[in-house]
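Novice: Just dropping this structure here.
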Amino acid sequence: MSALPGTDRSTAVPSPEPVGETIVDWYAGAARDLPWRAPGTDPWAVLVSEVMLQQTPVARVEPVWREWVRRWPTPASLAAESPAEVIRAWGKLGYPRRALRLREAAIAVTERHDGRVPADVAELEALPGVGTYTARAVSCFGHGRRQPVVDTNVRRVVARLVHGRAEAAPARATDLTDIAALAPDDDARAVRFSVAVMELGALVCVAGAPRCPACPVRDRCAWRLAGSPAHEGPPRRVQKFAGTDRQVRGRLLDVLRGADGPVPADALAPVWDDPVQRARCLDSLLVDGLVEQTADGRFTLPG
DNA sequence: GACGCGTGGTT
DNA sequence: TAACCAAGCGT
């Protein structure tokens, strides 16, 4: 870290390397050792990790991901599994519809792509549960393709580093061009850059109290250079959870996950007092395909 | 574009 | 301790 280009010419104006290169260099020494980043991790395993990581913290994903790639090492193996087993194996990662969609994506890959996870972003986006972020992440991290990858971490880094704002704006189409403009020219380094910016946002340029002293590009950050101004505009509404249908659905599904077979409606009553809300949530789980009703009226995970 | 969708750790 | 936060997606 001693001799940056230009620093050996005492009279020259400093010309620091581009911020993208600096962030890639920082990543080499700061990256977490996450299992899905191991060299040789195949695109299917990367897809599984990316879907699990949608809104769920790394620490909770790690053990479940290991179990999934052990049990279902290929798309075809998951495609052949029952929804009930997949929902059970999802455990308490949250948003269990993701588990169903991942299974549906595995079926689509098996049927439409000869069992191989595509590298093309448009083909990836056509898979259930795969959106703008996940498609590019799989193309880039799973297949090594140069792709701009924008998640909430990247939006926050760009908001501060480039635009001088305290918080990320809602997702926009220009996010992709913003981050692509910072990527190194070399393709292999551009791939590293995509994961490196996410890591910077996850470890240093965090939402709560950013650790600017540890930031490799702190001296070129538009937000710091502007004096770290506070966020302007309405505060983001944090979604409620207590008392919502989401909480009730979670409790209902928790009972069914733990049950050996179909359970009668009476067995579900204790999880929530309000019978109207309880019935509504059970119905929505049926509609989502997360729950099935047997001929005799009991409830179970879908076989 | 706003909203609904789980869960649990951190502050 | 209630609020905040965590690699989004689909409608």
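The values are calculated or read from the model by the stated rules, or taken from the named source; none is laboratory data. Just so it is clear, the structure is predicted and the values come from calculations on it, not from any experiment. Here Cβ is always computed from backbone atoms with ideal geometry, including for glycine, and neighbour counts include all displayed protein chains. Heads up: the accessible areas ignore ligands, DNA and RNA and are worked out on the full protein's heavy atoms, side chains in. Shrake-Rupley method; radii C 1.70, N 1.55, O 1.52, S 1.80 Å.
Novice: Which numbered condition in (1) open to solvent by less than 50 Å² (accessible area, probe 1.4 Å); (2) more than 9 Å from DNA strand C (Cβ to nearest atom); (3) within 30 Å of residue A:221 (Cβ to Cβ) is the only one that residue A:142 fails?
Specialist: The single condition residue A:142 does not satisfy is (3).
Novice: Just for helices (runs of 4 or more DSSP H) wholly inside the range A:32-92: which have at least 3 residues that are more than 17 Å from the chain's Cα centre (by Cα) and either at pLDDT 95 or above or outside the structural domain of residue A:138 (by TED's automatic domain parsing) (or both)? It would help to see each step written out before you state the result.
Specialist: Working: elements: A:43-52, A:58-71, A:75-79, A:83-90.
Ranges flagged: A:58-71, A:75-79, A:83-90.
Novice: Which pairs do you get when a residue that is more than 20 Å from residue A:28 (Cβ to Cβ), found in the range A:200-215, comes within reach of a residue that is surrounded by 13 or more Cβ atoms within 10 Å (Cβ to Cβ), reach meaning Cβ atoms under 6 angstrom, with the pair 6+ apart or on two chains?
Specialist: Within 6 Å, the pairs are A:212/A:218.
Novice: Having 1 or more residues that are within 16 Å of DNA strand B (Cβ to nearest atom), in contact (Cβ under 8 Å) with a residue 24 or more places away in the chain and under 19 Å from residue A:75 (Cα atoms) is the bar; report the helices (runs of 4 or more DSSP H) wholly within the range A:106-193 that clear it. Don't jump to the end; show me each part of the working.
Specialist: Values: elements: A:121-125, A:132-137, A:152-161, A:174-180.
So the answer is A:132-137.
Novice: Another question, then. Out of all the residues in the range A:227-249, is one or more open to solvent by 70 Å² or more (accessible area, probe 1.4 Å) and more than 16 Å from DNA strand C (Cβ to nearest atom)?
Specialist: Taking every residue of the range A:227-249 in turn, none turns out to be open to solvent by 70 Å² or more (accessible area, probe 1.4 Å) and more than 16 Å from DNA strand C (Cβ to nearest atom).
Novice: To continue, here is another question. Looking at residue A:197 and the list (1) within 11 Å of DNA strand C (Cβ to nearest atom); (2) over 17 Å from the mean Cα position of the chain (by Cα); (3) surrounded by 22 or more Cβ atoms within 10 Å (Cβ to Cβ), which single condition is not satisfied?
Specialist: (2)
Novice: Another one. Filter the range A:251-267 for residues that are open to solvent by less than 30 Å² (accessible area, probe 1.4 Å) and farther than 17 Å from residue A:278 by Cα; which is modelled with the lowest pLDDT?
Specialist: Per the stated criteria, the residue is A:261.
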